[in-house]
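Visitor: Before we start, here is the structure in question, set down as C-alpha cells.
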Amino acid sequence: MHEVHTGVTLVYGVEDDYREPREYKMKIFSEKTIVRMGYLPHNVILEYVKSGEPKSKAGGYAIQNRGGTLIEGIEGDYYNVVGLPAHRVAREIRDLLEAKLL
C-alpha cells in the first residue's frame, strides 16, 4: 500500500473597477489517494518493467494503462493517481465561481 498526494494551487485575480487585477489570491489544497497493489509474483514485476511502461512514471506505474492491472484497489480519487484530482479541482473552481470570486 502507498499514498499518492497531489498539491494544487489555484491563482486568481481580484479585479478593480476597470476589470484589471489589483491583487492575486490563492486557493491551496491537497488530495490524498491510497493505492493497494495486488500480490505481484516476481516474474510479473519483471515483465512489467521490461514493457518500458514504468519509465518516467512518478510512482513507477501507470494506473491508466497496463499498470492498472497491478492495482487491487484505491481509496480516493482515481484521477489523483493519474496526475490531477479532477473532481476536487472542478469543485474548488465551482465554489470560487459561486462566491463570485472568478
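Visitor: In straight Cα distance, which lysines are under 26 Å from Lys57, not counting same-chain residues fewer than 8 positions off?
Guide: The qualifying lysines are Lys32.
Visitor: What lysines sit close enough to Lys50 to cross-link, taking a C-alpha to C-alpha distance under 21 Å and skipping anything fewer than 8 places away on the same chain?
Guide: Cα-Cα hits under 21 Å: none found.
Visitor: Using the charge dipole of segment 1-75 (Lys, Arg: +1 at Cβ; Asp, Glu: -1 at Cβ; taken about the Cα centre), state which of Tyr12, Ala62, Ile45 has its Cα farthest towards the positive end.
Guide: Ile45
Visitor: Can you pull the Kirkwood radius for the chain, inverse mean 1/r over Cα pairs, to one decimal in Å? Write down the numbers at each step before the final one.
Guide: Details: mean 1/r = 0.0622 Å⁻¹.
About 16.1 Å for the chain.
Visitor: Related question: If we count every other residue with Cβ under 11 angstrom of Leu102's Cβ, Lys/Arg +1 and Asp/Glu -1, where does the sum land?
Guide: Values: positive: Lys25, Lys27, Arg94, Lys100; negative: Glu15, Glu92, Asp95, Glu98.
Net local charge, Leu102 excluded: 0.
Visitor: Then there's this: Determine, from the Cβ-Cβ distance of Phe29 and Gln64 and an R0 of 22 Å, the FRET efficiency 1/(1 + (r/R0)^6), rounded to the nearest 0.05.
Guide: Values: r = 23 Å, r/R0 = 1.03.
Plugging the Cβ-Cβ distance into 1/(1 + (r/R0)^6) gives 0.45.
Visitor: Subtract the Cα-Cα distance of Ala86 and Met1 from 0.36 nm times their separation in residues, and report this length gain in nm to one decimal.
Guide: Values: separation 85, 0.36 × 85 = 30.60 nm, distance 2.24 nm.
Additional length available on full extension: 28.4 nm.
Visitor: List the relative contact order of the chain as a percent without decimals, with contacts defined as Cα pairs under 8 Å and 6+ residues apart. Kindly include the intermediate steps, with their values, before the conclusion.
Guide: Numbers: 128 pairs, mean separation 29.1, N = 102.
Taking the mean separation of contacting Cα pairs over the length of the chain, I get 28 percent.
Visitor: Assuming R0 = 30 Å, what is the FRET efficiency of Asp95 and Lys57, from their Cβ-Cβ distance, to the nearest 0.05?
Guide: Details: r = 31 Å, r/R0 = 1.05.
Given R0 = 30 Å and the Cβ-Cβ separation, E is 0.45.
Visitor: In percent, what relative contact order does segment 1-52 have, based on Cα pairs under 8 Å that are 6 or more apart in sequence?
Guide: Working: 57 pairs, mean separation 20.3, N = 52.
Relative contact order of segment 1-52: 39 percent.
Visitor: Then there's this: Per DSSP helix of 4 or more residues, -39500 (n - 2.57); summed, then divided by the residues of the chain. What does that give at 222 nm, rounded to the nearest 500?
Guide: Numbers: 3 runs with 27 residues, N = 102.
Dividing the helical sum by the residues of the chain leaves -7500 deg cm²/dmol.
Visitor: Another question, then. Quick one: length gained pulling Glu72 to Asn43 fully straight, 0.36 nm per residue minus the C-alpha distance?
Guide: On the way: separation 29, 0.36 × 29 = 10.44 nm, distance 1.77 nm.
That works out to 8.7 nm of additional length.
Just so you know, all these numbers are worked out from the coordinates, no wet-lab data involved. Being a predicted model, the structure only gives us computed values, none of them experimental. Backbone-built Cβ (ideal geometry, glycine too); neighbour counts: all protein chains shown.
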